[in-house]
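Some notes on the structure that comes next.
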């Protein structure tokens with residue numbers, strides 16, 4: 001696989017110079033965002049205490065987009081004061097060979113499922129929490145866009161670089177201070193993601209007042225246990241649709257994944273450790289997910305407010321391991337757009353959900369039987385520039 005990586009990289013670097021000299025124009029733009037969260041929860045203790053409410057600084061980020069002689073740069077770095085961490089979300093170099101063919105190398109979005117998101121809300125859909133929505137990894141991606149067909153193929157040697165986890169001083173590719181969920185070393189599982197291949201294709205059908213996009217995605221890769229110095233396999237597949245009809249949008253996706261993982265003693269395990277932002281948590285090695293989201297966009301003229309987008313997104317996590325309990329996530333709410341300010345008003349509910357609980361990180365491993373439906377009311381206020 002190392003030879004394959006060097007070969008692909010060499011092809012990109014050896015593109016004849018005259019291709020890059022066709023456009024002498026250059027551009028540079030710098031942007032970013034500042035976001036805040038208002039939080040009120042109703043978790044396992046069964047009471048809503050206003051003193052438990054929070055008004056936190058969610059994140060701030062810097063975005064850089066540049067282009068010179070046809071070579072593009074797209075870079076985003078995020079800071080999360082609440083989690084005491086910071087990290088790269090994306091950072092890639094790209095080149096458009098023509099209007100239909102593009103290549104990106106660096107930290108780029110994994111071509112899997114509905115893109116850019118499989119969700120309408122601030123919380124994403126369920127696949128995000130197992131590393132299968134808006135995931136970003138380190139590798140190379142090719143995109144071919146035709147009139148009705150889109151095809152993406154990618155090779156990722158490893159996940160994106162991680163920042164500090166909870167303010168610790170450790171950096172690297174295996175840390176849990178990151179934007180998107182990946183397998184990370186924790187406890188007696190010194191496991192890492194390696195050598196991932198992705199293929200995604202979609203077909204778009206035009207209809208009256210909209211369009212229907214149908215697609216399939218496939219992913220295979222390795223899990224490397226550092227202590228045993230052994231690799232095992234993993235896969236993920238998805239069938240997805242993205243439908244626009246007038247002011248309505250529907251996103252549906254079926255996702256299935258499996259992982260053949262071991263711990264540091266060489267024993268097979270039913271749950272791996274996955275991490276993002278801070279502490280890692282257990283995720284069942286075999287799971288199917290059914291997600292569906294519906295939204296309605298309504299333009300208004302209320303001073304600075306120009307649009308309201310109402311939505312409901314639901315995911316059912318079906319764990320395909322005996323003795324493991326299924327999980328649910330449902331988010332209902334709306335997005336308010338006012339100039340550069342975008343505000344999400346979400347009521348997020350879930351059972352056996354690792355973020356919607358007093359016991360963070362529990363739920364996507366074995367979970368508990370007859371888990372309580374917990375609720376979090378969340379307002380995310382973001383200024384994007």
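The values are calculated or read from the model by the stated rules, or taken from the named source; none is laboratory data. All figures in this text were calculated on a predicted structure; none of them were measured in a lab. Glycine gets a Cβ as well: all are built from the backbone with ideal geometry, and neighbour counts include every protein chain shown.
For this structure, a couple of remarks:
- Cβ-Cβ contacts under 7 Å between residues 6 or more apart (or on different chains), taken from a first residue in region 215-229 that is in contact (Cβ under 8 Å) with a residue 12 or more places away in the chain and at positive phi to a second residue that is surrounded by 15 or more Cβ atoms within 10 Å (Cβ to Cβ) and assigned to a loop (DSSP other than H, G, I, E, B), are absent.
For (1) modelled with pLDDT under 95; (2) touching a strand residue (DSSP E or B) at 6+ places or on another chain (Cβ under 9 Å); (3) part of a loop (DSSP other than H, G, I, E, B), each residue gets a yes or a no:
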| position | (1), (2), (3) |
| --- | --- |
| 117 | no, yes, yes |
| 140 | no, yes, no |
| 143 | no, yes, no |
| 147 | yes, yes, yes |
| 151 | no, yes, no |
| 165 | yes, yes, yes |
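- Where strands (runs of 3 or more DSSP E) fall entirely within region 278-385, those with at least 2 residues that are surrounded by fewer than 19 Cβ atoms within 10 Å (Cβ to Cβ) and touching a strand residue (DSSP E or B) at 6+ places or on another chain (Cβ under 7 Å) are at 286-302, 305-319, 327-338, 341-351, 374-384.
- Selected residue [more than 30 Å from residue 354 (Cα to Cα) and assigned to a strand (DSSP E or B)] from 205, 157: 205
- Qualifying residue in region 124-137 (condition: out of contact with any helix residue (DSSP H, G or I) (no Cβ under 8 Å at 6 or more places or on another chain), touching a residue at least 12 places away in the same chain (Cβ under 8 Å) and over 26 Å from residue 344 (Cα atoms)): yes
- Taking the listed residues 69, 102, 50, the one that is modelled with pLDDT under 95 and out of contact with any helix residue (DSSP H, G or I) (no Cβ under 9 Å at 6 or more places or on another chain) is 50, with no other qualifying.
- Pair list, Cβ < 7 Å and 6+ apart or interchain, from region 258-280 residues that are at positive phi to residues that are surrounded by fewer than 23 Cβ atoms within 10 Å (Cβ to Cβ): 266/228; 277/80; 277/83
- Number of positions in region 236-276 that are surrounded by fewer than 19 Cβ atoms within 10 Å (Cβ to Cβ) and part of a strand (DSSP E or B): 14
- Residue 190 being farther than 24 Å from residue 117 by Cα, at pLDDT 95 or above, surrounded by 15 or more Cβ atoms within 10 Å (Cβ to Cβ) and over 17 Å from the mean Cα position of the chain (by Cα): yes
- Hits in region 78-102 (condition: in a strand (DSSP E or B) and surrounded by fewer than 18 Cβ atoms within 10 Å (Cβ to Cβ)): 79, 86, 93, 96, 101, 102
- Within region 53-72, restricting attention to residues that are farther than 18 Å from residue 381 by Cβ and free of Cβ contacts under 8 Å to residues at least 40 places away in the same chain, the residue that is surrounded by the most Cβ atoms within 10 Å (Cβ to Cβ) is 63.
- Test result for residue 86, within 18 Å of the chain's Cα centre (by Cα), over 23 Å from residue 183 (Cα atoms) and in contact (Cβ under 8 Å) with a residue 60 or more places away in the chain: no
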